[in-house]
1. Could you go through the range 275-296 and let me know if any residue there is modelled with pLDDT of 95 or more, more than 16 Å from ligand 1 (Cβ to nearest atom), over 30 Å from Lys329 (Cβ atoms) and of a type outside the set (D, E, K, R).
2. So which helices (runs of 4 or more DSSP H) stay within the range 291-394 end to end and still have 3 or more residues that are touching a Gly at 6+ places or on another chain (Cβ under 6 Å) and open to solvent by 20 Å² or more (accessible area, probe 1.4 Å)?
3. Could you run through the range 193-237 and say how many residues are touching a Lys or Arg at 6+ places or on another chain (Cβ under 8 Å) and in a loop (DSSP other than H, G, I, E, B)?
4. Could you check the range 155-178 and list, in sequence order, the residues that are farther than 12 Å from Ile130 by Cα and β-branched (Val, Ile, Thr)?
5. Can you confirm whether Thr269 is within 14 Å of ligand 1 (Cβ to nearest atom) and either assigned to a strand (DSSP E or B) or in contact with a helix residue (DSSP H, G or I) (Cβ under 7 Å, 6 or more places away or on another chain) (or both)?
6. Looking for whichever is charged (D, E, K, R) and over 19 Å from Gly351 (Cα atoms) here; the options are Lys473, Lys439. Which one fits?
7. What do you reckon, is Ser255 open to solvent by 40 Å² or more (accessible area, probe 1.4 Å) and free of Cβ contacts under 8 Å to residues at least 60 places away in the same chain?
8. Mind listing whichever residues of the range 360-411 are in contact with a Pro (Cβ under 7 Å, 6 or more places away or on another chain) and among the polar types (S, T, N, Q)?
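The values are calculated or read from the model by the stated rules, or taken from the named source; none is laboratory data. All values derive from a computational prediction rather than experimental measurement. With ideal geometry, Cβ positions are generated from the backbone for all residues, glycine too; neighbour counts draw on all protein chains shown. These area figures cover heavy atoms from the full protein model, side chains too; ligands, DNA and RNA do not enter into them. Shrake-Rupley method; radii C 1.70, N 1.55, O 1.52, S 1.80 Å.
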Amino acid sequence: MQYFVTTEALAIQKTDCIAVAVFEQGQLSTSAQIINSLDNNIIEKLINQGDISGKPGQTLMLHDINGLSSPRVLLVGCGQQNKTNESDFNKATTALIKTLNKCGASTATSCLAEITVNERTKGWNTRQTIIAAGAALYQYSQTKSNSKPQDNPIEQLSFLAENDEVAELEQAVNSGQAIANGMDLARNLGNLPGNICTPTYLAEQAIDIGQRFDSITTTILEEADMEKLGMASLLSVSRGSREPAKLITMEYRGSGDDRPVVLVGKGLTFDAGGISLKPSQAMDEMKYDMCGSASVFGTITAIAELNLPINVVGVIPSSENLPDGDANKPGDVVTSMAGHTIEILNTDAEGRLILCDALTYSERFDPAVVIDIATLTGAIIVALGSHATGLMSNNQPLADALLQAGNDSHDRTWQLPIWDDYQQQLDSNFADIANIGGKEAGSVTAACFLSRFTKKFNWAHLDIAGTAWVGGKAKGATGRPVPLLVQFIQNRIAANN
Ligand code: BES
Ligand code: MN
Ligand code: ZN
């Protein structure tokens, strides 16, 4: 799909469809009023007749309206005027895109971004339309033999702008497209099955990305390299698997020698739990245990596409977690790269075992901040469900910046404490630290474990177990938290200028 900004008057728009917003209680958006008055109050009549009520996501297609070059007009319900919220707007734009894709139109102009969505700007509405379109049009195809593309799909969407809005909307289109592309990449990697998306596969994808962008340099560390670095915690997880572990680094350079933002993404390509085997119910979903790494792939490529003036390093520890004769056993003690000994009381708490060594490794980049992104705990789903990503940090300004970026992008986070009071739950009789902290506050103690390895830098942890994919009939990766991370980077650049 291609996106454009247009300033042409509605009457002379040469497009297959014009989409305008209508509201509950019969109110019309500015563009709906223009079309209404071109053709004898047609929209008002249809609303009074009850053909459309204006509820978010309702649509009604009109044909051959007088006074328009466009053969179709799509009315899209956007809720109550001046009370449309972000979720209403997402419903409306999703319905818009799905309807356009099925109605035979290959080009369309959307006037929906002109409406008021809370305190959002028209640029935000534009960008959000593109992100919603990415989700609405996403189709997984890589391992389906008969996945046919849609007949006559929508190919071009233009956004109606006033002359003085063109620059803002064009920027919004660029950001939106880069974010949507990054989310698509994250969805594709997430949805791939574990037998295809292995640590080696992720490493190959990272090498491809390094070749695609001059600004990105990819390095792969093999198990032997990790052994030399003393990453016995990471390697203990991969010992139970026949797929060799990889430590993937993608360095994006957009700003001289500035200290980088380091993004550490959990890349567990399948988590069976190891000897502490998971129940078989929905175990297939543990192919999504690499969604943290997928979001790093998506974010770095979006940033590179936008040529953003910042340095970002993606660090991805990647492994499988399986039961095996050589796998970790409950009670095993390993020594991390940082030198702390760890008693592995539950082999299913493997994410922290691979992340701790990757976090220690991050020190060598002299990071400005380090953010890890991980499907770390089932407990975060109990706490926050699927709406917010869990946020924990050793630095409040960094946490505040992530909360802000979450609100700005509507890819939200919610902070949990990592007070010292929780640390004693990780006491071990046989090592410096245990890898589980009992049944209370499981997401917090997981973060407390990581915090032992992040003392040398400002660090935040994003637990995305509830937000990275959805289960059930619509099972699939969401592409989150790519919007959050790109927004965080964009805000950081704006604050430095
Ligand atoms: N990858 C899982 C976390 C997870 C579980 C994400 C369910 C999404 C849905 C992680 O490796 C894990 O197994 N965590 C354990 C930790 C426990 C053993 C302390 C968990 O959450 O059950
Ligand atoms: Mn696990
Ligand atoms: Zn896991």
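1. Applying the first criterion (modelled with pLDDT of 95 or more) to the range 275-296 yields 275-296.
Retained after the next criterion (residues that are more than 16 Å from ligand 1 (Cβ to nearest atom)): 296.
The next check asks that each one be over 30 Å from Lys329 (Cβ atoms); those that pass are 296.
In the following step, the residues that additionally are of a type outside the set (D, E, K, R) were identified as 296.
Within the range 275-296 (the criterion being modelled with pLDDT of 95 or more, more than 16 Å from ligand 1 (Cβ to nearest atom), over 30 Å from Lys329 (Cβ atoms) and of a type outside the set (D, E, K, R)), the answer is yes, since at least one residue qualifies.
2. On the way: elements: 291-305, 351-362, 379-384.
Here the list reads 379-384.
3. 5
4. Residue satisfying the conditions is Val166 alone.
5. Working: within 14 Å of ligand 1 (Cβ to nearest atom): yes; either assigned to a strand (DSSP E or B) or in contact with a helix residue (DSSP H, G or I) (Cβ under 7 Å, 6 or more places away or on another chain) (or both): yes.
When the stated conditions are applied, Thr269 passes them.
6. On the way: Lys439 fails: over 19 Å from Gly351 (Cα atoms).
The match here is Lys473.
7. Details: open to solvent by 40 Å² or more (accessible area, probe 1.4 Å): no; free of Cβ contacts under 8 Å to residues at least 60 places away in the same chain: yes.
No, not satisfied.
8. Initial filter on the range 360-411 (in contact with a Pro (Cβ under 7 Å, 6 or more places away or on another chain)): 365, 367-368, 373, 389, 409, 411.
Scanning the range 360-411 gives Thr389, Ser409.
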